[in-house]
Amino acid sequence: MYVNGFILAVPEANKAAYKQVAEKFWEIVRDYGAKSQIECWEVDVPDGEATDFRRAVQCREGEKIVFSWVTWDDKETADASHDKMMADERMEAFFGDGSDMPFDGKRMVYGGFEPLVWKEA
């Protein structure tokens with residue numbers, strides 16, 4: 001299992017637009033091997049003493065934190081999908097050059113992870 005994780009700040013007024021972007025993204029990422037996509041909208045994100053989600057993405061007044069991840073069978077599948085997804089014509093059709101996204105992608109934090117503990121009831 002491999003996980004791509006993301007943290008970003010989205011203007012509260014753009015919640016519906018962000019959801020549409022995430023749903024369109026799933027149509028593409030699923031076709032290249034993703035097993036799941038989870039998109040979480042801030043409900044209770046406290047300010048920390050040394051650091052926190054808000055500071056990590058330079059969250060501004062009126063923005064909410066989105067915490068999301070995409071799961072894959074393995075890192076190789078995730079890595080192999082990247083260039084294919086970027087070349088997929090749906091990326092251009094859905095997202096254009098990225099300048100019209102409902103968030104500032106320059107402030108997004110992301111990375112790839114191998115699960116250390118994974119429990120389900």
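Loop-only trypsin sites (Lys or Arg not before Pro) in segment 81-121, please: DSSP not H, G, I, E or B, and at most 11 other Cβ atoms within 10 Å. Please list the in-between numbers first.
Working: sites: 84, 90, 106, 107, 119; in loops: 119.
Listed in order of number, the matching sites are 119.
Helix-only mean residue ellipticity at 222 nm, the chain, DSSP H runs n ≥ 4 weighted -39,500 (n - 2.57), per residue, nearest 500. What is it? Can you show the working numbers first?
Numbers: 4 runs with 41 residues, N = 121.
The helix contribution divided over the chain gives -10000 deg cm²/dmol.
So for the chain, Kirkwood radius off the Cα pairs, Stokes-Einstein at 10 °C and 1.306 mPa s: how many µm² s⁻¹? Could the numbers behind the result be given before it?
Values: Rh = 15.4 Å.
In µm²/s, the coefficient rounds to 103.
Which entries of 15/64; 24/75; 35/119; 15/35; 35/75; 64/106 have Cα-Cα distances beyond 18 Å here? Mind showing how you got there, number by number?
Working: 15/64 9 Å; 24/75 22 Å; 35/119 16 Å; 15/35 24 Å; 35/75 12 Å; 64/106 16 Å.
Long pairs (Cα-Cα over 18 Å): 24/75; 15/35.
Keeping every protein chain present and rolling a 1.4 Å probe, give me the accessible area per residue for the chain in Å².
Numbers: 8180 Å² over 121 residues.
Counting only protein heavy atoms, the per-residue value for the chain is 68 Å².
Using a simple spin-label model with points 7 Å from Cα along the Cα→Cβ vector, what separation in nm is obtained for residue 120 and residue 37?
Once both label points are built, they end up 1.9 nm from each other.
Work out which GluC sites (Glu not before Pro) in the chain are exposed loop sites (DSSP not H, G, I, E or B, at most 13 other Cβ within 10 Å) and give the longest gap free of them.
On the way: sites that count: 49, 61, 120.
That gives 62-119 as the longest site-free run.
Please compute, for the alpha-carbon atoms of segment 1-41, the extent along each of the three principal axes and give them in descending order in Å.
Principal-axis extents of segment 1-41 (Cα, largest first): 33, 18, 10 Å.
Quick one: Karplus J couplings for segment 50-61, per residue in order, coefficients 6.51, -1.76, 1.60, θ = phi - 60°, nearest Hz, x for Gly and Pro?
Whole-Hz 3J(HN,Hα) from phi for segment 50-61: 9, 7, 6, 4, 4, 5, 4, 10, 6, 4, 10, 3.
Go through segment 1-57 and name the trypsin sites (Lys or Arg not before Pro) that are in a DSSP coil and have 15 or fewer other Cβ atoms within 10 Å of their Cβ. List each step's numbers first, then the result.
Numbers: sites: 15, 19, 24, 30, 35, 54, 55; in loops: 35.
Answer by residue number: 35.
To two decimal places, what compactness ratio does segment 54-121 give when its Cα radius of gyration is scaled by 2.2 N^0.38 Å?
Values: Rg = 15.3 Å, N = 68, 2.2 N^0.38 = 10.9 Å.
Normalised by 2.2 N^0.38 Å, the Cα Rg of segment 54-121 equals 1.40.
The values are calculated or read from the model by the stated rules, or taken from the named source; none is laboratory data. Worth saying up front: this structure is predicted, and the values here are computed from it rather than measured. Cβ sites come from the backbone with ideal geometry, for glycine too, and all protein chains shown count toward neighbours. To get the accessible areas, we keep the full protein, side chains included, count just its heavy atoms, and leave off ligands, DNA and RNA. Shrake-Rupley method; radii C 1.70, N 1.55, O 1.52, S 1.80 Å.
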